[in-house]
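Q: What follows is a single structure, and I will ask about it in a moment.
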Amino acid sequence: MSSGAADLVGQGAFDLDLEGPREPDLEDDAPEASGAEQARQSIDDLVRGAQRYRTSAQYLDLLRFVGTSRRYGPYNLVLVHVQRPGSTHVLTAARWREAHGRVVRADAQPLLVLQPRGPVVVVHDVSDTEPLDGAPPLPREITEPLAVTFGSDADVRARLDRLEDNLIGLGVRVSTGRLGSQQAGSARAASGRSLRRERRARGGRQQTITEQVPLRYDVVLREGLDPRARLVALVHEVAHVLCGHLGTPDPLWWPDRSRVAHDVEEWEAESVAYLVARRADSSVQVPPSLHQHLDRGLQPPVFSLERVAKATADVEAYCTRRLRTAETGKARPTS
Ligand SMILES: [Zn+2]
């Protein structure tokens, strides 16, 4: 499970995120456990049946869309792109009208996204809208999403800390060690001891409770990585875990995909690492291994887009909010 993921971080200036808050009713909602298998098959069947992402250009387009459109969660963005490749910015009809003075065209294609514990919501791509009289010009985040910069050292560090804490709840031990110069990290299944995770006692003032979590996976990261490179390397290794490349402790958490070919494993892990990191920091570039493949116009391997979308959504949740230990593994709504 080696990765060149540390090379993924590019140079650039880091501005504050100027993007507005997400629409509260449209948080990402990957399917609950009962529907998970069905969703996996339907998305992957749709991708295969429609011959989606069989060219480098199509896949690069997907990576850019999911990596830059931070208003919605990654799972919903993948759903949108599968329904309408070439989408660049989606909003509800109400939001298009209120925020941008635009209306949805009569022949527009409705795009369905999921919301937590609710029915689906319909959104529309900007190309399916037109301005009302007096509408302001579209902002840069819509016309040039790749040019908008965001991310800060403090934010990257906060995400790393949050991720590492949630990983303890999942039974993943993260340590730092000497690895080859080509290798930023490694991951393997482990067992036989437990990890300790502290949490505040409910209602207690200063009290903490120490939880014991069985050790399930060992991740080693190369020493000396800066926070951005460490985030990318860690997400790459965690993606191997969440994509089932190392098996599964429980099929309701994620499927056992330990027989997947090595090039597919790396493709999936690099995709998740890029998407999570790019959504946190705009200086992140498509990793060299994916980029070379895509740049040469080679055909992507047959991989599970559903797994990539779910793992990306889950890791983003691990990076942004503290989950209870019991929540870390099982399928759940993610943002
Ligand atoms: Zn790897």
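Q: I need the full set of residues from the range 231-280 which are under 17 Å from the mean Cα position of the chain (by Cα) and more than 13 Å from the ligand (Cβ to nearest atom), in order please.
A: The answer is Leu231, Gly244, Trp253, Trp254, Leu275, Val276, Ala277, Arg278, Arg279, Ala280.
Q: What is the number of the single condition among (1) farther than 14 Å from Pro74 by Cα; (2) in contact (Cβ under 8 Å) with a residue 60 or more places away in the chain; (3) out of contact with any strand residue (DSSP E or B) (no Cβ under 8 Å at 6 or more places or on another chain) that His240 does not meet?
A: (3)
Q: In addition: Give me the residue from the range 292-305 that is within 16 Å of the ligand (Cβ to nearest atom) and not polar (S, T, N, Q) and, out of that set, surrounded by the fewest Cβ atoms within 10 Å (Cβ to Cβ).
A: Filtering the range 292-305 down to residues within 16 Å of the ligand (Cβ to nearest atom) leaves 292-293, 301, 303-304.
Of the ones still in play, those that are also not polar (S, T, N, Q) are 293, 301, 303.
On the way: His293: 20, Pro301: 14, Phe303: 22.
By that ranking, first place goes to Pro301.
Q: Just one of (1) of a type outside the set (Gly, Ala, Ser); (2) at pLDDT below 95; (3) under 30 Å from Ala154 (Cα atoms) trips up Trp254, so point out which.
A: Checking Trp254 against (1) of a type outside the set (Gly, Ala, Ser); (2) at pLDDT below 95; (3) under 30 Å from Ala154 (Cα atoms), the one that fails is (3).
Q: Kindly indicate the residue of the range 201-229 that is over 22 Å from Trp254 (Cβ atoms) and in contact with a strand residue (DSSP E or B) (Cβ under 6 Å, 6 or more places away or on another chain) and also nearest to the ligand (Cβ to nearest atom) among those meeting that condition.
A: The first filter runs over the range 201-229 and keeps only residues over 22 Å from Trp254 (Cβ atoms), leaving 201-210, 212, 222-229.
Still in the running and in contact with a strand residue (DSSP E or B) (Cβ under 6 Å, 6 or more places away or on another chain): 201, 208-210, 212, 223, 228-229.
Working: Ala201: 38, Thr208: 35, Ile209: 35, Thr210: 32, Gln212: 29, Glu223: 18, Arg228: 18, Ala229: 15 Å.
Per the criteria, the residue is Ala229.
Q: I want to confirm something. Restricting to the range 281-291 and keeping residues that are away from the ligand (no atom under 13 Å from the Cβ) and of a type in the set (A, V, I, L, M), which single residue is modelled with the highest pLDDT?
A: The extreme case among them is Val284.
The values are calculated or read from the model by the stated rules, or taken from the named source; none is laboratory data. Fair warning: this is a prediction, and the values are worked out from it, not measured in the lab. Counting neighbours? That spans all protein chains shown, and the Cβs are built from the backbone with ideal geometry, glycine included.
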